[in-house]
Every structure is written in C-alpha cells, then in structure tokens.
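Asker: One structure, pasted below without further comment.
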C-alpha cells in the first residue's frame, strides 16, 4: 500500500465535492440538536457508528474487488431516504470524475458505464482505493474519517465553533474511528463468501428524517 | 411455567454470534400459516409455543386475524424466541399482539433473541401490527425481522420500540430488518439502541426521543405520494414517509417523545398513502 495514496484520497481537498455537504449537520444545527462542542461530538459519534459504519463496509468491500454493481444495489437497500440516495449518487459521480483522473482503471470505467447517474459514493471510494493500491482497511478508514470530518467542518461554519475544538473532537474519536474501520473491513473480508448481507446496515432514524426535511428547505447553506 | 422443558424448535432458529443461550432461557418457535381454501382465508396451522399463545380472532371482512397473546413474561435474558408467519397465495391475514412486548433482564444478563419471519405468497396480503416492544433496564435483545414477499403480495408492517419505561434507561435493543421481494433485497436496516451503544440517543440517531418506529408498505398498485411526506417537528416528534429505491414500497420512519405520539405520526403517515388498504 501507499500511505501517500491514502492521504490523497482522504484529504478534504481531494476534488470530490464533499465540502458542499454537511452530512446532516445543517439540519441538526437548525433544530438545536447540535449547538456546542459536546453535542457536535455526540452527533459525530452517532453518525460514525451508523451511516459511517455502513459506508465503510461498502467501501471496504469494493476495495476487495467485490462486484461493485452489487454493492451499489446493497447501498440502495441500506438507504431508505431518497434524498440521501440522491446525495450519495451525486457525491459518487463527483468522486468518480476525480478518481478516474487520478487513478485511471478498468474498475472505475466499468462502474461509471453501468451507473451513469452516479454510483453510491462509498462504492466509488472503495474502487478508487483499490485502483490506488490501497487495502480494504484503508478504504474503510477513508470512509469513516469522511463520515465525521465533513459534519465537523460544517459545524465550524454553521455555529462559528472554534476550529481547534472541532479538530479536538475528531481526535477524541480516533479510537472509535479505528474500531469502526476495523469492523467494516472484517465484514468486507467475508463478503466474497457470504454475500452483501454480511455488510453492516447500521442506520440512524434521525439522519433519514432530517435528510428528507433538509432537502425540502428553500434556502440552505449545504447541499445535504 | 417458565420451568417447563423447552419443546424442540420446529424450524431452524437463526444462529446468532453471541454463542449458546443460557440454559435458563426459554426456547420457543411459534408458527402460523394462512391458506386460501378457494372461498376464504383459513388458518389451518396455529402452533403456540413458549410465550407465544396464538388465538384466532373474528375475521374482518375477508381478512383472517390472529392475535399473539403473551403466555409468560418474555423475552428474558437467554431466551431464544421465534415467530414464523406465512400468508400463502391469495390469503388476507392480519396478525397483532394483545399487549406490548416487554424485554426484561431476567435471571441473566445474556442476550435474548427474537426472530420474526414473515412470508407472503402470490396475491397474498399480510399485515403485522404488533404492540410496541419495550426495552427495560438491563435487558439485551437481538431482534431480527426477515420478510420474504412474492412480487404480487402486499405487506403492511408496523414496528414500534419504546426505550425504557418512564424515567428508566433502556436495555440494549438491536433490530435487523431485511425485506426481500421476489428474492431481491429491497430494505436492509440495522438499529441498535441503549448503552453501551455509542451516542444512540444523540442528535444524529434519536435526538433524545424514547420512542421510535417504522411503517413499511409493499405491494403492487402502491402509489408514492408526489412529494416525500414530512410530519411533526423535532420537539414533539417527527416522521417521514418515503419511497424505497426498489419499489413499489414506502417506508415511514418516526421518532417521538412518547409511544402515543409515535403511533399518531405513523397513523398519519399511513393516511397519506394514496390507495393504501385500510
């Protein structure tokens, strides 16, 4: 593996459009659910162990070389809220463009050809990780880091939180991030034998509910 | 009553990763099967077991109805419970429970398993409308729902959970719901609430609400409302009704401060489904 490739893939400056999304944070701030550093941490921890785990499982499975189209279907069955499916596909399309330019490979071409509207982002992430010579665990790490990094950055902008404190929140989550990435990667190691049902399907009701509510807002700062 | 030797399971119980159940636990597999005799739906198989006492209710129109009565306190720690419900081709079946299911710790802190299988054949209509499951302090329950639907069948499933009784933290409640239609997965979802699950009541998951639930509708002719249905507000409880990716299927998801408020939201969501059977 190349440690540098992982840094590039997980870098918030990787041009995959993630900066426009708050991962549910904008809705959580609007409802008062997130209002300070402690509630930011609770949000990130909850998102990590639900949507983050599920995304990491899909990304890790894709990085093993498992059928990416089957994983894209599995992502659909794990994403009941249509607003969140649209977001995942839009992000997937954007990441696809960046990844194909960065690590061109047949796997990305194949996935792009069969999902012209954009595959779910974690699946693209996993295929890109594989193209970059990364492992399933690397892909899971990139996915879990993104699942909390985006919302934390958004909270800084939405609440004018101290960016040092927001970064400290991410640092405090490091053990959880490692554990969730390892669990996702373990599940991905079984997918070839046991099929996609072995992958995590952890879900958070509020993320689904507020994801739909947020998509209906007339004016919003973030796309999700 | 709980001392009675557990009868052998009539069908394989889904294995769980938690190892063997505590010997004190009850092992029970209740089954019921509805069939169409050419004129009406009948329920020729009604196999009560352990805590599940199955009783026929008076049919409502052409719909056969069965009620699950709690014959003993369950699930308790270490219990392995399974309920297998089949609505064969062309039947109309509704299954309810007489009272809330209360998960208690029991004599051991071992997890209890509660596996519900729902199967609907061609042109069948199956409704599973139990009372809420209440997770009480110290209990651990791993619940699975495995739903298998023929392409022309219809399903109405309601599932409600109350996390802790008044002023009580809940136990741990894990629920895996998998729904397949014509053999194809259409919904796969896993929720876990209660300590030590990280941030389960935080602003990304339940937002401090104690009641959560879902309503799933599947079947041909089901029309999605033109826009996603958004009900309620963050303080009083809220709910969305949305189409799944691989329809025709609609899912309402709600969180609320009380079970009564939760039920109102789910009822309201159901009322917003055009042409939903009532």
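Asker: Per residue, how big is the convex hull around the C-alpha atoms of chain B? Give it to me in cubic angstrom, could you?
Answerer: 129
Asker: With a Förster radius of 22 Å, plug the Cβ-Cβ distance of residue B:233 and residue A:36 into 1/(1 + (r/R0)^6) and report the FRET value to the nearest 0.05.
Answerer: 0.55
Asker: Another question about this same structure. Enter the angle in degrees (range 0 to 90, nearest 10) between the Cα long axis of helix A:121-131 and the first principal axis of the Cα atoms of chain A, meaning the one along which they spread out most.
Answerer: Result, in degrees: 50.
Asker: Starting from the Cα of residue A:2, step 7 Å along the direction of its Cβ; do the same at residue A:19; then give the gap between the two resulting points in nm.
Answerer: 2.3
Asker: What average count of beta carbons from other chains do you get within 10 Å of the Cβ of residues in A:38-49?
Answerer: Counting other chains' Cβ atoms within 10 Å and averaging over A:38-49 gives 5.
Asker: Turning to a different aspect of this structure: Within 10 Å of each Cβ of A:25-34, how many other protein chain Cβ atoms are there on average?
Answerer: Average neighbour count from other chains, rounded to a whole number: 3.
Asker: Need one number: nm distance between label points at residue B:184 and residue A:172, each 7 Å from Cα along Cα→Cβ, rounded to one decimal.
Answerer: Each label point lies 7 Å from its Cα, and together they span 4.5 nm.
Asker: With chain A treated as a Gaussian network of Cα nodes joined by springs under 10 Å, which of A:116, A:82, A:151 yields the largest mean-square fluctuation?
Answerer: A:116
Asker: Averaged over B:205-218, how many beta carbons belonging to a partner chain fall within 10 Å of each residue's beta carbon?
Answerer: 3
Asker: Taking 0.36 nm per residue of separation and subtracting the Cα-Cα distance, what length does fully extending residue B:48 through residue B:73 add?
Answerer: So the extension gain works out to 7.5 nm.
Asker: Quick one: grab the alpha carbon gyration tensor of the range A:86-202, order the square roots of its eigenvalues as a ≥ b ≥ c, and give me rounded if a/c is under 1.5, else prolate or oblate depending on whether a/b is larger than b/c.
Answerer: Oblate is the answer for the range A:86-202, as a/c is 1.5 or above yet b/c matches or exceeds a/b.
Asker: On alpha carbon coordinates alone, what is the Rg over Rh value for the range A:8-78, Rh being the Kirkwood radius?
Answerer: Result for the range A:8-78 is an Rg/Rh of 1.04.
Asker: Okay, moving on. Taking chain B as a Gaussian network, Cα atoms linked when under 10 Å apart, which of B:132, B:248, B:203 shows the biggest mean-square fluctuation?
Answerer: B:203
Asker: Quick one: order A:73, A:208, A:11 by neighbouring beta-carbon count within 10 Å, fewest to most.
Answerer: Listed from fewest to most nearby Cβ atoms, that is A:11, A:73, A:208.
Asker: For the range B:62-78, list residues with backbone N below 11 Å from a point placed 7 Å from the Cα of residue B:99 toward its Cβ?
Answerer: It comes to B:69-74, nothing else.
Asker: Could you work out which residue, out of A:31, A:39, A:147, moves most in a Gaussian network model of chain A, that is, has the largest mean-square fluctuation with Cα springs under 10 Å?
Answerer: Among A:31, A:39, A:147, the largest GNM mean-square fluctuation belongs to A:31.
Asker: Please report the antiparallel percentage of the DSSP beta bridges confined to the range B:27-207, to the nearest 5.
Answerer: 30
Asker: Further question: Determine the distance separating the Cα centre of the range B:140-207 from the Cα centre of the range A:1-74; give it in Å without decimals.
Answerer: Using only Cα atoms, the two centres lie 22 Å from each other.
Asker: Starting from the Cα of residue B:62, step 7 Å along the direction of its Cβ; do the same at residue B:268; then give the gap between the two resulting points in nm.
Answerer: 3.4
Asker: How high is the relative contact order of chain B? Use alpha-carbon pairs under 8 Å, at least six apart in sequence, and give a whole percent.
Answerer: Relative contact order of chain B: 12 percent.
Here, each number is a calculation from the coordinates, and none is a lab measurement. Note that this is a predicted model, so its numbers are computed, not measured. Here the Cβ is made from the backbone with ideal geometry for all residues, glycine too, and neighbour counts use every protein chain on show.
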